[in-house]
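A short reminder: the numbers here are calculations on the coordinates, not readings from a lab. It should be emphasised that the depicted structure is a prediction, and the values quoted were computed from it without experimental measurement. All Cβ positions, even for glycine, are placed from backbone atoms using ideal geometry, and neighbour counts span all protein chains on display.
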Amino acid sequence: MKTNGYAVLQPKAPLAPYTFERRALRATDVGFDITFAGICHSDIHQAREEWGSAIFPMVPVHEIVGIVTHIGPDVTKFAIGDRIGVGVFIDSCRTCENCLAGEQQYCLNGMTGTYNGYERDGVTVAFGGYSNKFVIDQDFALKVPDSLEMSGVAPLLCAGITLYSPLRHWGAGPGMKVGVIGLGGLGHMGVKFAAAMGAEVTVFSHSAGKESDAKAMGATHFVVTKNPEVLAPLKESFDLILNTVSAELDINKYLELLKLNGTLVVIGLPGKPYEVTAFSLLRLRRSLSGSMIGGIPEIQEMLDFCAQHNILSDVEVINADYINQAYERTVASDVKYRFVIDASTF
Ligand code: NAP
Ligand code: ZN
Ligand code: ZN
């Protein structure tokens, strides 16, 4: 299937138009026209090799929505014309205990990433969603509820589930104080979900201008972190803090804000190690944990939760030829709050 997209042809090169072939449909495959594709900061980290060496040419993006155009003979989950979504992985071993538990993102044999990796045959490079067509096995695609506007759904497939999953895992709800560090693509979804679950939400941001947006999304408190003294009065008061910052950060300052048995969850992936002092953990029996996206059943649950609570990502819809500028603006924390590409412009 001839596909038009954008690719990074070599490390650190800007994105440029790129034409390639998607595979012919297998029996349980679904083919679809992409309508919108969100720009995740992980795309930028990988295109720039901030996490180590990558595979080029690279067609990034793992926040993909579209409309089904083709189905293989054994497809039961989708029909032509259905709304469909794809997130950060397109396959997994399907047999290990984590896959069987629906936690395919933690597949013991390695999930198959939507791009910058090989399919399970070990040789075919996976190409992501900066493109106009996609092919995927039905078991790794999501059903997008009809009530949700499609451009605001695309970022839910990565940014949305990545914040929904830890909030559910650590039981966010009434009576809990939740902090979200960084009001970007991931962080703004965390604020919306935590507020919808009934928690009291505080945003920690290095951008003073985001306060009114944060409050409109459901935050009760907004803390501008440029001056570290502002954190002192908040010591020992949070149950759960989610760190979504894409850059290096002193996480000890935030560990100090946790109350007894509180947890700080690492979600941002700056590529460099964090430094953690033993005292900030053992005082008040605090935990430092991590969380990575979510499994297929939980992504579907999150989409249905969004339909129920009318939650979407706040997006700036752009044309394909604006991707490189969008990357620069994302790195500068200048996006409200996710760039989403209109895939008809590929
Ligand atoms: P993003 O839209 O760029 O948001 C990151 C936010 O971090 C910015 O909006 C900014 O918020 C804050 N920030 C950026 N630079 C900063 C700095 N120098 N100092 C302090 N704060 C800074 O990125 P994203 O797409 O949300 O992704 C965030 C991180 O999560 C990335 O590293 C990405 O790779 C990672 N990620 C992880 C998973 C997972 O499964 N764990 C999934 C997807 C992405 P303020 O302006 O409010 O300060
Ligand atoms: Zn992502
Ligand atoms: Zn597995």
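Sites listed here are trypsin sites (Lys or Arg not before Pro) in the stretch 184-251 whose DSSP assignment is loop and whose Cβ has at most 10 other Cβ atoms within 10 Å: K226. Dividing the mean sequence gap of close Cα pairs (under 8 Å, 6+ apart) by how many residues the stretch 1-155 holds gives a relative contact order of 29 percent. Of all lysines in the structure, the ones whose alpha carbon falls short of 16 Å from that of K143, not counting any fewer than 8 places away in one chain, are K77. For the chain, the 222 nm mean residue ellipticity estimated from helices alone, with every DSSP H stretch of n ≥ 4 adding -39500 (n - 2.57) and the total spread over all residues, rounds to -6000 deg cm²/dmol.
Relative contact order of the stretch 160-290, taken over Cα pairs closer than 8 Å and 6 or more residues apart, is 21 percent. Within the shell of other residues whose beta carbon sits under 12 angstrom from the beta carbon of C40, the net charge comes to -1, with Lys and Arg scored +1 and Asp and Glu -1. Only aspartates and glutamates eight or more places from K2 in sequence, or on another chain, were considered; those with a Cα closer than 19 Å are E21, D29, D33, E119, D137, D342. Among the trypsin sites (Lys or Arg not before Pro) within the stretch 271-346, those in coil by DSSP and having at most 12 neighbouring Cβ atoms inside 10 Å are R285.
With 25 Å as the limit on Cα-Cα distance, the pairs of K177/K272; K210/K253; K133/K192 that go past it are K177/K272; K133/K192.
Against the main long axis of the alpha-carbon atoms of the chain, helix 296-309 sits at an angle near 70°.
Normalised by 2.2 N^0.38 Å, where N is the number of residues, the C-alpha radius of gyration of the chain stands at 0.97.
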